[in-house]
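These notes are about the structure you will find just below.
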Amino acid sequence: MAKSSVAIYNVSKQQYPPTFKLFFFFLPISLALTSFFLVFIYISTTSRVLTNPQSTTFLEPATNYSLFDLIIPFSTDNDDTVPLSIDNTAEDFFFDLPTSSKPSQWSLPLGDLFGFTGDNMNNTKVYHDTDTFLEDYKEMNKSFKIFVYPHNPDDPFANVLLPVDFDPKGHYASELYFKKALFSSHFITQDPNQADLFYMPFSIADMRHDPRIGPERLQDFIKDYVFNISHKYPFWNRTGGADHFYVGCHSISRIAMDKAVEAKENVIQLVCSSTYFVPNYFPHKDVSLPQIWPKERDPKSLVSTKRNQLAFFAGQVNSPVRAALLKLWVNDTEIFAHFGRLETDDGEEQLRSKFCLHVKGFEVNTARVTDALHYGCVPVILANHYDLPFTDILNWKSFSVVVHYMDLPVLKKILQGISFEELSWLQNNVAKVRRHFKWNAPAVDYDAFYMAMYELWLRKSSVRVRLSSSREYI
């Protein structure tokens, strides 16, 4: 090694003509450019993407119109335009709608896609692995412990930090139900050294609507909260918050941690707005919580033979996807697509429908998925990039139909192509999973609270190391 270094040094000390030095300077650049052009020529002559983009599956042109064409009327003579509020994410615009002139995946027998035919019956099973789930669930119930950072009833922000003393209602009831159920559960430990996870009990929805905080000061509140617990207790600092979690069902959760950088990167989020498309949500770390609009009672009957309507949707047109859906199917006789809220209870429409459409609005999540399950209606998911709730446990293909935005023009064909046998499987499995998407006070085994706890249990740290001779661990 020493001899080589000396040789290189001696060569470097030699005097060479300027042209010789220029040659060695341009030689690697010339070789790099030559390699680049050879690779480019190879790709351009062999790739179907460059030579014939229309022949590829993924770049196959849809129709002669795009999503914008479905939203914006073709004729200026017609004043009846579709009311549209642009979505707060751009993902809806990243596609064209496909043509039906060529066979699509839905030209295959639907049973092949769902796994109902042949020896592959995996998609008829509600759980990915029933035995593992039941075994782990039992262990979770026995050993899982949560430490909740304590706050007094006379705290000026007790309304944000403590559970409510009533049954929550409305769009964001899930985060309030979770807190209420956890505080009265056997998972709570008063000894933080025995805790698997640490709960920061602030409510995003309550902060959002508290005039002292609101959207403008929400990020500062959380930043100060993290600062306070990290200085008062040793538990945050030992993991950087990786064994801490919070719950939020309001869409503002996605930016709640923006001023608390360490929390933003490490904390487990249990949120309703769970989408792959936006940053700061990581499915391996975070948990998708179902958005549930609590119902006072169960329907009297979920008998499928009375379902004589193919599909149902009602809602505001607050995204390009919904605008396209309504423009395509608003006048259809088998798909009931309605602008805004119904004057009557939409539960009746869901009870008489085979499929109920969950279509992305401002966010990927709405309560329509859990509403459909409540009424025994098979949910159709039209929300690209939606990390569906409890997907680590449940096999969504066994009780729902997931449709890409690009398949909107063939939506009716997709749903009509599902055979009676396949529909029966889906409906039977809907009946099996309904209990997992329901809040109870107090919580009941396998309901939404226990399913969320199981998802958290899957994410807990399995190793704790003593910091000192005391009982304090990391």
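The values are calculated or read from the model by the stated rules, or taken from the named source; none is laboratory data. Remember, it's a predicted structure, so these values are computed and weren't measured experimentally. Ideal geometry is used to build each Cβ from the backbone, glycine not excepted, and the neighbour counts take in all protein chains shown. Surface areas here come from the heavy atoms of the whole protein model, side chains and all, with no ligands, DNA or RNA. Shrake-Rupley method; radii C 1.70, N 1.55, O 1.52, S 1.80 Å.
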Using θ = phi - 60° and Karplus 6.51 cos²θ - 1.76 cosθ + 1.60, couplings along region 224-238 (whole Hz; Gly, Pro as x): 5, 4, 4, 4, 5, 6, 6, 9, 8, 10, x, 6, 5, 5, 6
Sort 411-420, 451-460, 135-144, 426-435 by packing, meaning the average of other beta carbons within 10 Å per residue, with the highest value first. 451-460, 426-435, 411-420, 135-144
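Is the shape of region 153-198 best called rounded, prolate or oblate, per the rule: a/c under 1.5 gives rounded, else a/b larger than b/c gives prolate, else oblate, with a ≥ b ≥ c the square roots of the Cα gyration tensor eigenvalues? Don't skip to the answer; put the middle values down first.
Values: a/c = 2.44, a/b = 1.50, b/c = 1.63.
Since a/c reaches 1.5 but b/c is at least a/b, the shape of region 153-198 is classed as oblate.
What length, rounded to one decimal in nm, is gained on full extension from Ala441 through to Ser143, with 0.36 nm per residue of separation minus their alpha-carbon distance?
Values: separation 298, 0.36 × 298 = 107.28 nm, distance 2.23 nm.
My answer for the length gained is 105.0 nm.
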Run the numbers for Ser35 and Arg217: contour at 0.36 nm per residue of separation, minus the present Cα-Cα distance, in nm. 60.0 nm
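Taking a probe of 1.4 Å, how large is the accessible area per residue of region 375-448, in Å²? Walk me through the numbers before you get to the answer.
On the way: 2610 Å² over 74 residues.
For region 375-448, the per-residue accessible area is 35 Å².
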Just to be sure I understand the model, the point goes 7 Å from the Cα along the line to the Cβ. What's the resulting Ser184 to Glu348 distance in nm? 3.5 nm
What ³J(HN,Hα) values, in whole Hz, does the Karplus curve 6.51 cos²θ - 1.76 cosθ + 1.60 give for region 339-355 when θ = phi - 60°, with x put for Gly and Pro? 6, x, 7, 6, 5, 9, 5, 6, x, 5, 5, 5, 5, 9, 10, 6, 10
Given backbone amide H placed at 1.01 Å from N, residues whose amide H is under 5 Å from that of Phe336, ignoring those fewer than 5 places away on the same chain, are Ala311, Phe312, Phe313
Protection proxy (average C-beta count within 10 Å per residue), highest first, orders 281-287, 197-203 as 197-203, 281-287
From the phi of every residue in region 444-459, what ³J(HN,Hα) in whole Hz does the Karplus formula 6.51 cos²θ - 1.76 cosθ + 1.60 yield, where θ is phi - 60° and glycine or proline is x? 10, 3, 6, 7, 4, 5, 5, 5, 5, 5, 5, 4, 5, 4, 5, 9
Nearest 0.05, what FRET efficiency do Asn152 and Asp191 give at R0 = 25 Å with Cβ-Cβ as r? 0.80
Packing-ranked peptide list from 240-253, 363-376, highest mean Cβ count within 10 angstrom first, is 363-376, 240-253
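What's the extension gain from Glu421 to Ile252 if we count 0.36 nm per residue and subtract their Cα-Cα distance? Let's see the in-between values first.
Details: separation 169, 0.36 × 169 = 60.84 nm, distance 4.19 nm.
Residue separation times 0.36 nm, minus the Cα-Cα distance, leaves 56.7 nm.
For a test of the definition: using alpha carbon positions, the gyration tensor, and the 1.5 limit on a/c, classify region 192-292 as rounded, prolate or oblate. Walk me through the numbers on the way to the answer.
Values: a/c = 1.67, a/b = 1.17, b/c = 1.43.
Note, shape of region 192-292 comes out oblate.
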